[in-house]
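One structure is given below, encoded as structure tokens.
The values are calculated or read from the model by the stated rules, or taken from the named source; none is laboratory data. Worth saying up front: this structure is predicted, and the values here are computed from it rather than measured. Here the Cβ is made from the backbone with ideal geometry for all residues, glycine too, and neighbour counts use every protein chain on show. In case anyone asks, the SASA skips ligands and DNA or RNA and just uses the protein heavy atoms, side chains included. Shrake-Rupley method; radii C 1.70, N 1.55, O 1.52, S 1.80 Å.
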Amino acid sequence: MPRARLPFRLKLTLLFALLAVVPLVLVGWLVIDVNADAVATASRELQIAVASDVARTVEGEVRDATGGLDAVARALTDDGLDPATRLRMATTRVEADDRLDVVSIYDDGGALIDTLREASADGVEMPERLAEAHAATARSTGRAVGTVDPAPGGPRVLVAVPLRAGGRVTGYAATRLSLVPIQARVERLAEAHLASAEGSVFLVDADLRVIAHPDAERAHALAPADDRLARPEDARRDVARSAEVDDTVGTVMGLGDPPWIVVVRVPKRVAYASLERVRAIVVAALVLSVLAALAAAFLVARRITAPIERLSAFAGDLAARRFDRRVTVETRDELSLLAEAMSRAAGELEASEERIRAEAAIRADLGRYLPAELVDKVVRREQDMELGGRRLPITVLFADVVAFTPLTERLAPEETVRLLNELFTVLTELVFRHGGTVDKFVGDSIMALWGAPSPDADHARRALEAAEDMLRFLETANEGWRATYGVTVQLAIGVNTGEAVVGNVGSEKRMEYTAIGDVVNVAARLEAIARPQQILVTAATRDAAGDGFDYAEVGRRELSGRAEPVDLYEVRT
């Protein structure tokens with residue numbers, strides 16, 4: 001029979017040594033020192049994260065405005081269109097871009113030719129002549145960002161791009177970009193991350209004027225940035241500098257282009273408040289430890305009975321078949337050994353009942369990854385788990401979110417993941433509803449197949465019905481997504497039919513059930529060239545699916561990686 005490693009008599013002798021105050025004092029000092037470094041680092045990291053967020057917002061707004069101006073420039077310099085059509089296309093692009101409510105066209109000398117203006121831009125003045133410095137910068141770099149000027153509704157900054165025709169610059173397109181979105185982002189960041197810390201985040205231009213601030217009136221007035229943290233030499237791209245000035249902990253970050261500076265600052269008493277709380281807690285803990293050492297002798301007798309009471313209660317749990325309970329006695333004597341033995345007995349009883357529920361749990365878990373038929377075979381140990389597969393006639397579908405990268409730029413990462421999960425949940429249900437198998441998710445796209453693992457003579461028809469339902473689903477789902485996320489989701493779908501090798505691919509330790517073959521590659525190519533909300537299919541799919549669909553001939557197309565062109569058709573919904 002095992003003997004206790006620490007008999008009760010020895011524990012009583014060691015009790016006061018374990019409660020010594022000196023080790024606790026040393027630990028408390030180390031805790032305070034480590035916490036001081038951690039608090040300072042966390043404060044700097046928070047400020048840098050906020051500054052980086054503002055920098056990304058500025059860069060995104062200027063980049064999107066530049067892209068819109070480039071689109072206007074291309075429309076105005078398209079030699080294949082007559083002047084009236086060019087002007088109409090340019091006007092349409094201005095109306096379609098939320099950031100371009102006013103665009104002025106200048107000749108190659110910088111003189112104003114005409115201005116395209118929306119009603120929302122009334123009162124926004126455009127320069128009669130584009131400054132030579134801005135024109136030179138636009139010619140050499142493709143974009144010029146000018147000064148910030150006051151305007152109705154808030155400050156605006158001049159952004160200009162060159163017009164090119166025949167390899168030379170023939171003029172310029174310019175807009176006064178509103179800083180309202182940047183102002184809104186600064187207000188949200190200040191409220192979300194700095195409000196409770198009595199801090200502030202603001203943006204200044206090269207002349208050290210406030211152009212975005214939680215106090216919108218300061219930004220509208222372009223008030224001077226009377227802040228020792230902001231200096232002209234800090235207006236360098238992606239350079240962050242943290243410092244303590246007076247009673248403030250602050251961080252500045254330069255943007256480079258435009259040469260603006262993001263300033264984040266928090267009072268020291270707030271930034272380091274947690275450190276003071278830790279000091280108070282450590283001191284209180286030391287005082288309590290001394291008191292506990294004096295009272296320990298009186299508590300020993302009561303502590304002897306406590307483990308026995310827990311063991312008695314645990315025996316009652318076992319009698320009531322509550323096998324998920326455990327008992328822990330940290331006395332390191334005979335009572336501890338008894339507690340371990342009783343806990344092991346409870347674990348064995350729990351395992352015996354758990355095995356009864358194991359098959360149902362396995363089926364539920366595998367159902368998230370594999371088709372129902374495959375799950376049944378795996379559970380019954382009827383599925384061949386060797387690598388390899390067999391050749392089967394199948395139909396493969398690829399559906400991809402169009403323009404996913406711009407969509408992610410407009411949404412926070414958490415919103416992007418939530419939106420994709422909502423989309424893929426319904427797309428998966430539609431695949432299952434039409435008898436298909438979800439092969440995999442690749443980023444913002446889904447791959448599904450029909451005809452495997454169970455043969456299906458109607459695999460092509462079922463795949464096209466699923467594709468049509470996907471597009472119908474988006475017609476209603478986008479109303480909710482526009483209200484929730486402010487975005488519209490569009491799919492490009494490619495479908496192909498043919499023979500593929502279907503089975504286990506990978507290694508002996510990690511494999512996946514998938515399809516390999518030219519039919520998969522062609523379907524992926526079709527999805528890549530399909531337009532938004534378009535279903536492209538091959539002649540093989542059309543022939544296999546039958547006449548129950550509305551086809552429009554697209555023609556023969558060359559596909560990447562294939563020597564022979566492919567006859568393509570569009571399925572109209």
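Here are some notes:
- Using a probe of 1.4 Å, the accessible surface attributed to GLU350 totals some 60 Å² when neighbouring protein chains are kept in position.
- Spatial separation of Cα centroids for segment 65-82 and segment 96-134, in angstrom: 14
- Point-to-point label distance, ASP550-ASP317, nm (Cα→Cβ direction, 7 Å offset): 6.6
- Scanning residues 5 or more positions from GLY171 or on other chains, those with amide H under 5 Å from its amide H are LEU163, with H placed 1.01 Å from N in the peptide plane.
- Across segment 420-459, the volume of the C-alpha convex hull divided among the residues equals 53 Å³ per residue.
- Label-to-label distance, ARG410 versus THR141, with points set 7 angstrom from Cα along the beta-carbon direction: 2.7 nm.
- Using θ = phi - 60° and Karplus 6.51 cos²θ - 1.76 cosθ + 1.60, couplings along segment 40-47 (whole Hz; Gly, Pro as x): 4, 5, 5, 4, 5, 5, 4, 5
- Gain on full stretching of the segment that runs from VAL180 to GLU354 - 0.36 nm per residue minus C-alpha separation: 56.7 nm
- Phi-derived couplings, Karplus 6.51 cos²θ - 1.76 cosθ + 1.60 at θ = phi - 60°, listed residue by residue for segment 415-430: 5, 4, 5, 5, 5, 5, 4, 4, 5, 5, 4, 6, 4, 4, 4, 5 Hz, with x used for Gly and Pro.
- Accessible-area order (highest first, 1.4 angstrom probe) of the listed residues ASP257, ASP439: ASP257, ASP439
- The shape of segment 94-150 comes out prolate: with a ≥ b ≥ c from the C-alpha gyration tensor, a/c is at least 1.5 and a/b beats b/c.
- Cα gyration tensor shape for segment 60-135, rounded if a/c is under 1.5, else prolate or oblate: rounded
- PHE432-ASP257 FRET efficiency (beta carbon distance; Förster radius 35 Å; 0.05 resolution): 0.10
- Sites GLU475 and GLU191 - FRET efficiency at Förster radius 41 Å, r taken between beta-carbons, to 0.05: 0.65
- Placing pseudo-labels 7 Å out from each Cα toward the beta carbon at GLU499 and ARG88 gives an inter-label distance of 5.4 nm.
- Each residue of segment 519-529 was assigned a 3J(HN,Hα) from its phi angle through the Karplus curve 6.51 cos²θ - 1.76 cosθ + 1.60 (θ = phi - 60°); the sequence is 4, 6, 4, 5, 4, 5, 5, 5, 4, 5, 9 Hz, with glycine and proline shown as x.
- Here's how it looks for ASP439: its modeled amide H is under 5 Å from those of MET447, ALA448, LEU449, which are all 5 or more places away or on a different chain.
- Solvent-accessible surface of protein heavy atoms, probed at 1.4 angstrom with all chains present, puts ASP518, ASP149, ASP207 in the order ASP207, ASP518, ASP149, largest first.
- Accessible area of SER560 in the full protein assembly, 1.4 Å probe (Å², nearest 10): 80
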